[in-house]
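Chemist: Have a look at the structure that comes next, please.
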Amino acid sequence: MKYKGNAHKFGDNINTDDIIPARYLNTKEPAELGRHCMEGVLQNFAKKVNKGDIIVAGRNFGCGSSREHAPIAIQAAGISCIIAESFARIFYRNAINTGLPIIACEDAAKGIKNNNKVEVDTTNGIIRNVSGRKQYKSEKYPPFLQKIIKKGGLLNAIKR
């Protein structure tokens with residue numbers, strides 16, 4: 001699976017309340033959640049995203065509560081995948097379960113700058129910083145995870 005977009009860079013310990021503030025948890029409507037994505041860290045983030053863009057972050061992305069609203073909001077905002085130094089375990093599971101590809105790659109997360117053009121190939125474990133002319137190696141997605149992501153999440157994979 002391949003993803004291309006501009007990088008939106010964030011730091012360490014971005015928690016689920018930063019991703020989607022609790023005041024918006026009264027809805028499960030993806031479009032509404034997407035409009036408020038990352039509002040806890042960067043006002044009007046969703047207006048700056050082009051479909052396919054990529055979040056790049058530091059350590060412990062998605063820490064905090066176990067709300068599935070967070071990866072849903074990220075996808076609905078138009079983000080195609082996330083690269084970070086590391087992810088909170090519960091966020092990792094929720095992201096896969098909702099069909100959001102996430103890649104832990106410390107070198108890429110540190111080397112990619114805001115607005116760099118980035119290409120990600122989860123099948124072969126390659127991240128390219130097109131703007132910075134660098135390539136990084138990441139873990140390849142195993143076939144079962146590729147299937148879950150392609151189907152749009154765990155429930156869709158099970159249904160099909």
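Chemist: If we keep just the residues of the stretch 51-87 that are in a loop (DSSP other than H, G, I, E, B) and touching a residue at least 60 places away in the same chain (Cβ under 8 Å), which is nearest to GLY111 (Cα to Cα)?
Modeler: So the first thing to find is which residues in the stretch 51-87 are in a loop (DSSP other than H, G, I, E, B), and the list is 51-53, 58-60, 62, 64-68, 78-80, 85-86.
Filter once more, so that each one left must be touching a residue at least 60 places away in the same chain (Cβ under 8 Å): 79-80, 85.
Working: ILE79: 19, SER80: 19, GLU85: 11 Å.
Among them, the one singled out is GLU85.
Chemist: Among residues belonging to the stretch 127-153 that are among the small types (Gly, Ala, Ser) and touching a residue at least 24 places away in the same chain (Cβ under 8 Å), point out the one that is farthest from GLY5 (Cα to Cα).
Modeler: GLY153
Chemist: To continue, here is another question. Can you report the number of residues in the stretch 88-112 which are surrounded by fewer than 21 Cβ atoms within 10 Å (Cβ to Cβ) and either under 10 Å from the mean Cα position of the chain (by Cα) or not in a strand (DSSP E or B) (or both)?
Modeler: 11
Chemist: State whether one or more residues within the stretch 140-151 are in contact with a strand residue (DSSP E or B) (Cβ under 6 Å, 6 or more places away or on another chain) and either assigned to a loop (DSSP other than H, G, I, E, B) or at pLDDT below 95 (or both).
Modeler: No: zero hits.
Chemist: Out of ASN156, ASN115, ASN124, report the one residue that is over 15 Å from the mean Cα position of the chain (by Cα), free of Cβ contacts under 8 Å to residues at least 40 places away in the same chain and not in a strand (DSSP E or B). If you could, list the steps in order and put the result at the bottom.
Modeler: On the way: ASN156 fails: free of Cβ contacts under 8 Å to residues at least 40 places away in the same chain; ASN115 fails: free of Cβ contacts under 8 Å to residues at least 40 places away in the same chain.
Checking each option against the conditions leaves just ASN124.
Chemist: When you scan the stretch 108-115, do you find a residue that is in contact with a Gly (Cβ under 9 Å, 6 or more places away or on another chain) and among the hydrophobic types (A, V, I, L, M, F, W, C), even just one?
Modeler: yes
The rows are residues; the columns are (1) modelled with pLDDT of 95 or more; (2) out of contact with any Phe, Trp or Tyr (no Cβ under 9 Å at 6 or more places or on another chain).
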site	(1), (2)
ASP12	yes, no
ARG23	no, yes
PHE45	yes, yes
ALA76	yes, yes
SER86	yes, no
CYS105	yes, no
GLY111	yes, no
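The values are calculated or read from the model by the stated rules, or taken from the named source; none is laboratory data. The structure displayed is predicted, hence computed values, not measured ones. Every residue, glycine among them, receives a Cβ derived from its backbone with ideal geometry; neighbour counts consider all protein chains shown.
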